[in-house]
Amino acid sequence: MGVGRWLVLACALVACRFSDRDRPQEEVAPIYRPSPSFATVDNPFEPLPQNMAGGPATELGRKLYADTIMSVDGSLTCFSCHDMRKGGTDGLPKASVASRQNGQINTGTIFNLAFNFRFNWNGQFVTLLDHVNGPLTGKNIMGMSWSELLRRVKSSDEYQRLFAKVYPDGVTIENIRHAVTAFQLSLVTPNAPFDRYLRGQTQALDAQQHEGYHLFKSLGCVSCHQGINVGGNLFAKIGVMGEYFADRQREGRGPLTEADYGRFLVTHNLLHRYVFRVPSLRNVACTAPYFHDGSLESLEEVVVAMGRYQLGRELNDAEVLALVAFLRSLTGEHEGRPLCSPDEQGHS
Amino acid sequence: MFSALRISCLALLGAFILAVWYSLSTSIDTGLDQRYRQELRSLQVSDTSLNNDLLAARAGLVNHYDDLVRRIATLRQESRQVSKPPAFISGAGRAEIREGVRAYERVLSQEEELIESFKFDHAVLRNSLRFFPGQALALVDRISAHAEGQELAARVSSFYSDVLHYYLFSETSLIEKVESQRVALTTPAYPWLAPDEAKAIDLLTRHARVIMRRKPQVDRSISRLLDLPSAELVRKLSELYARHYDSAERSASRAYLLTWLLALASVLVVAAWIILRLRRSARDLSRASAELEQALASLGIEKEKHKELAELKSRFVSMTSHEFRTPLSVVLSSAELLQEYGGRWPEDKRQTHLLRVQNAAKYMKQMLDEVLLIGRVEAGKLEAHPQPVDLTEFCSDLVDTLRLQFKEHRVVYSADGELSSLLIDQQLIMHILDNLLSNAFKYSGPETTIYFDVTRDAGDIVFSVHDEGIGISEQDQERLFDTFHRGDNVGDAPGTGLGLAVVKRSVDVLQGSISVESTLGEGSTFVVRVPAPSADGQGLRDSA
């Protein structure tokens, strides 16, 4: 007498009710919390975690990173400008590739991104997930659109299979974004001599580096470059104590460009002119040239500039050498080997 | 009524299912509630911790920003979580909570911006503070070494102490003084100074400026941060949730109650339906069993009738074979004698035998008539057809006829009352009186008297026939009116055993009564009373 139908309907309704629970969302950017707090009043640093192994999404992200389908004309991969042998950068003052116009800004490293609080020199992106938009759709970078990328990835049987293995819903924009981000988060370079020193191996730093570390703190570099990433956790103006851009132009290293406005381009607040994310100094020896404008080739120049424009001091040669020696102790390991050999880069 | 009941049953069932669904969807998932409360609590804890961090920063205890950065990231994550209140909270409630979270996030963004400026100002301030005292003291030493340097050294040293004083105690009165000192120091008025000393003074004043500018900025950032109502917003959020939780609980219990009431109603209706059906079928059953019983009973009656009929038949057969044999043998013998000797016999002897044949045939015809009559009575086909009759004449005719038949008996006949015009079935009265009277004659010896009285009693006619004959035993009286029953003492007297049966049936048809009083060897009295309205009244007109 239709009761059966009613019951089926009831069951369906009830089932509906239980199935529309929110699916738990995988957290892509877990907030890193060090287990013993290394940072103390006189030591505002922490060593990098030694084990940040990624999951299956990481491998998928690596594959996407190395695939030319990511660029509109199929000429570039993400690795084209983020070379693992060049500290995750392109080694150029400003990113420029044959097929692209001259770049606007120096290429950032893709290592230790997990410990940066904002992304890009001007801090445009708050999360790494959002940041994927930047290089992918950037006119000077991949020049892609998400819909086109989705179409391309979907038309590949191999990607279909790989995505299906990792994600229940297969190929989606969100999942592509997630895989790329997962790969980027896995790029951590532990075991730098400085980290070993922080963990208690005092002999991991030589005498000059010890001296450099001391200067780094006593001179006040540590006010900006501190924390687990030795930077990457605050915004600062370039030229606190001097006219950086005026001097640059005078020295013939280039006139003021739009990119020099820094954070102003994001917030349009005049106080944010020339303000940049303080870069992480980890692996800094491997990522020459330096600064957002890529205008300085050697670490020595950079240290002098930092002393002059940020601290308002003229550093002497001994101080500079000691500081540079200390900066070299920040080179960590990738896949078990130092990211770059100590004398490979960072020299004039 | 049945289908209405069924429809309401279905409607109730539907309502019940909807209510179950509603109650499920409003029901409080305590797991979700616990989780959400936990999320609110951790948001509250993180928010308080952020304030502690800021207090530590104001106290100058902050030397790296990872904690602040992580705290903010945690707060963002937690507020995102809190913006998804559990589904059992009403839609409006969820919207209100989400609005509350948005308000909190707006404050969080403000906090973040203030923290950003704090971080930078703090960094720069610390650097200058790190540099300024040593630089100032060294400068004072170098300047004092000059012969004319005492005054300048004193100014630098007072500048130094004023700047530090301002930094340590935020004495705003010092701002103007420091500024004028700084301007004075940067004005090149000391030609005796070495170039690097002049540069050092310049650097010192620049760092002093940084301290004087950044110090109030840091303080302002921190106090504005501490003034932001983030803690209050989180508290409000908790209150909001608690309020909506309560109302969700109320509506859940309402839904629960509704469900139970509907369930109860459903059960009641279904029970009523079942009971009604049961009662209906019980009634059907009892009716059916009554019918069955009736059928069985009537079957029994039929059977009884059948038996009677069979008995009747066999009695009829034996009676006829016996009763018809005598007249038939009379007919046969007289017919043989007439054939053999008829030619030689005198006329009168021939006549005697012919008469005997005639009588026998008459007798048989009468018997057949009576049997047929009984048959009609039994079949219920005998009906009264009242007609106006002059009963006095009718009775005296009857008596006269019988007198001729039974010449040895005396008959005393009396009629009393108005009998000349009565409405009565003549045929039935004839059957009754003929049988009663001829019985009276037949079963009483010669020279006895038969009394026949007809009287009128109210609307009835009462016939009374009294004889002085053999009488009827009490045993026989019981079965007196049964068909083919004849008394034990009837001897050779001819009879069918049908006469009194015919009488009784006729009386019944006339709706009258018959009674008998009799003593063996002394005689019998039959009294018949039948209703007989006068023919002058209504009855006569009816029949006309």
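The values are calculated or read from the model by the stated rules, or taken from the named source; none is laboratory data. As the structure is a computational prediction, the values presented were derived from the model and not from experiment. Glycine also receives a Cβ, built like all others from the backbone with ideal geometry; neighbour counts cover every protein chain displayed. Remember, those area values only see protein heavy atoms, side chains included, never the ligands or the DNA or RNA. Shrake-Rupley method; radii C 1.70, N 1.55, O 1.52, S 1.80 Å.
Screening residue B:63 with (1) open to solvent by less than 70 Å² (accessible area, probe 1.4 Å); (2) at the interface with chain A (Cβ under 10 Å from one of its Cβ atoms); (3) assigned to a helix (DSSP H, G or I) gives one miss only, at (3). Is it true that residue B:141 is open to solvent by 70 Å² or more (accessible area, probe 1.4 Å) and either within 14 Å of chain A (Cβ to nearest Cβ) or within 29 Å of residue A:240 (Cα to Cα) (or both)? Yes.
State yes or no: is residue B:356 under 21 Å from residue B:493 (Cα atoms) and basic (Lys, Arg)? Against the criterion (under 21 Å from residue B:493 (Cα atoms) and basic (Lys, Arg)), residue B:356 qualifies. In segment A:233-257, the residue that is farthest from the other protein chains (Cβ to nearest Cβ) out of those that are touching a residue at least 60 places away in the same chain (Cβ under 8 Å) and among the polar types (S, T, N, Q) is A:257.
Can you tell me which residues in segment A:194-207 are open to solvent by 30 Å² or more (accessible area, probe 1.4 Å) and of a type outside the set (Ser, Thr, Tyr)? Scanning segment A:194-207 gives A:196, A:199, A:200, A:201, A:203, A:206, A:207. Could you please let me know if residue B:92 is open to solvent by less than 40 Å² (accessible area, probe 1.4 Å) and not hydroxyl-bearing (Ser, Thr, Tyr)? The answer is no for residue B:92. Run down A:273, A:253, A:277 and say which single residue is open to solvent by 20 Å² or more (accessible area, probe 1.4 Å), touching a Ser or Thr at 6+ places or on another chain (Cβ under 7 Å) and within 29 Å of residue B:207 (Cβ to Cβ). Result: A:253 is the single residue among A:273, A:253, A:277 that is open to solvent by 20 Å² or more (accessible area, probe 1.4 Å), touching a Ser or Thr at 6+ places or on another chain (Cβ under 7 Å) and within 29 Å of residue B:207 (Cβ to Cβ).
Please enumerate the residues belonging to segment B:359-410 that are closer than 21 Å to residue B:426 by Cβ and among the aliphatic types (A, V, I, L, M). If the condition is that a residue be closer than 21 Å to residue B:426 by Cβ and among the aliphatic types (A, V, I, L, M), then B:372, B:373, B:374, B:377, B:382, B:384, B:389, B:391, B:398, B:399, B:402, B:404 are the ones that fit.
Against the conditions (1) in contact (Cβ under 8 Å) with a residue 60 or more places away in the chain; (2) under 23 Å from residue A:264 (Cα atoms); (3) among the small types (Gly, Ala, Ser), residue A:103 satisfies every one except (1).
The C-beta contact set for segment B:243-266 (first residue modelled with pLDDT of 90 or more, second residue part of a helix (DSSP H, G or I) and not charged (D, E, K, R), distance under 6 angstrom, 6+ apart or interchain) comprises B:244/B:93.
Within segment B:195-210, the residues that satisfy the criterion of being touching a residue at least 12 places away in the same chain (Cβ under 8 Å) and open to solvent by less than 60 Å² (accessible area, probe 1.4 Å) are B:197, B:200, B:201, B:203, B:204, B:205, B:207, B:208, B:210.
Counting only residues that are at pLDDT below 80 and either within 11 Å of another protein chain (Cβ to nearest Cβ) or open to solvent by less than 40 Å² (accessible area, probe 1.4 Å) (or both), how many does segment B:4-14 have? The total comes to 6. Going through (1) open to solvent by 70 Å² or more (accessible area, probe 1.4 Å); (2) more than 10 Å from chain A (Cβ to nearest Cβ); (3) outside any helix (DSSP H, G or I) one by one, residue B:45 falls short only on (3). For residues in segment A:237-274 being out of contact with any helix residue (DSSP H, G or I) (no Cβ under 7 Å at 6 or more places or on another chain) and β-branched (Val, Ile, Thr), which is nearest to residue B:213 (Cα to Cα)? For segment A:237-274, the residue satisfying everything is A:267. Within segment A:208-223, the set of residues being open to solvent by 20 Å² or more (accessible area, probe 1.4 Å) and either aliphatic (A, V, I, L, M) or closer than 13 Å to residue A:281 by Cα (or both) comprises just one member, A:221.
Could you say whether any residue in segment A:146-155 is open to solvent by 40 Å² or more (accessible area, probe 1.4 Å) and within 12 Å of another protein chain (Cβ to nearest Cβ)? No, segment A:146-155 has no match at all. Just one of the listed residues (A:266, A:284) is out of contact with any Cys (no Cβ under 6 Å at 6 or more places or on another chain), of a type in the set (A, V, I, L, M) and away from chain B (no Cβ under 14 Å), namely A:284. Pairs linking a residue in segment A:298-323 that is more than 12 Å from chain B (Cβ to nearest Cβ) to a residue that is in a helix (DSSP H, G or I) and acidic (Asp, Glu), with Cβ atoms under 6 Å and 6 or more positions apart or on different chains, are A:320/A:300; A:322/A:211.
Taken over segment A:316-348, the criterion of being modelled with pLDDT under 95 and under 27 Å from residue A:245 (Cα atoms) is satisfied by A:345, A:346, A:347, A:348. Among all positions in segment B:72-82, there is at least one residue which is among the small types (Gly, Ala, Ser), part of a helix (DSSP H, G or I), surrounded by fewer than 20 Cβ atoms within 10 Å (Cβ to Cβ) and facing chain A (nearest Cβ under 10 Å). Would you point out which residue out of B:183, B:218 is within 30 Å of residue B:52 (Cβ to Cβ) and either of a type in the set (Asp, Glu) or at pLDDT below 95 (or both)? When all the criteria are applied, what remains is B:218.
Look at residue B:399 and say whether it is open to solvent by less than 50 Å² (accessible area, probe 1.4 Å), modelled with pLDDT of 85 or more and part of a helix (DSSP H, G or I). So residue B:399 fits the description; yes. Kindly indicate whether any position in segment B:110-119 is more than 11 Å from chain A (Cβ to nearest Cβ) and under 17 Å from residue B:206 (Cβ atoms). No: zero hits. For segment B:179-207, the set of residues classified as among the aliphatic types (A, V, I, L, M) and either within 60 Å of the chain's Cα centre (by Cα) or within 11 Å of chain A (Cβ to nearest Cβ) (or both) consists of B:200, B:203, B:204, listed by residue number. Once segment B:95-115 is narrowed to residues that are free of Cβ contacts under 8 Å to residues at least 60 places away in the same chain and over 30 Å from residue A:236 (Cβ atoms), the residue that is surrounded by the most Cβ atoms within 10 Å (Cβ to Cβ) is B:98. Those helices (runs of 4 or more DSSP H) of segment A:129-200 in which at least 3 residues are within 18 Å of residue A:57 (Cβ to Cβ), considering only elements entirely within it, cover A:146-154, A:157-166, A:173-185. Just to be sure before I move on: is residue A:165 open to solvent by 30 Å² or more (accessible area, probe 1.4 Å) and either assigned by TED's automatic domain parsing to the domain that holds residue A:118 or modelled with pLDDT of 95 or more (or both) in the structure I sent? Answer is yes for this residue. Selection over segment B:162-193 of residues that are assigned to a helix (DSSP H, G or I) and surrounded by fewer than 12 Cβ atoms within 10 Å (Cβ to Cβ) gives a count of 5.
May I ask you to list the residues in segment A:270-288 that are closer than 22 Å to residue A:85 by Cβ and touching a strand residue (DSSP E or B) at 6+ places or on another chain (Cβ under 6 Å)? Within segment A:270-288, A:287 is the sole residue that qualifies.
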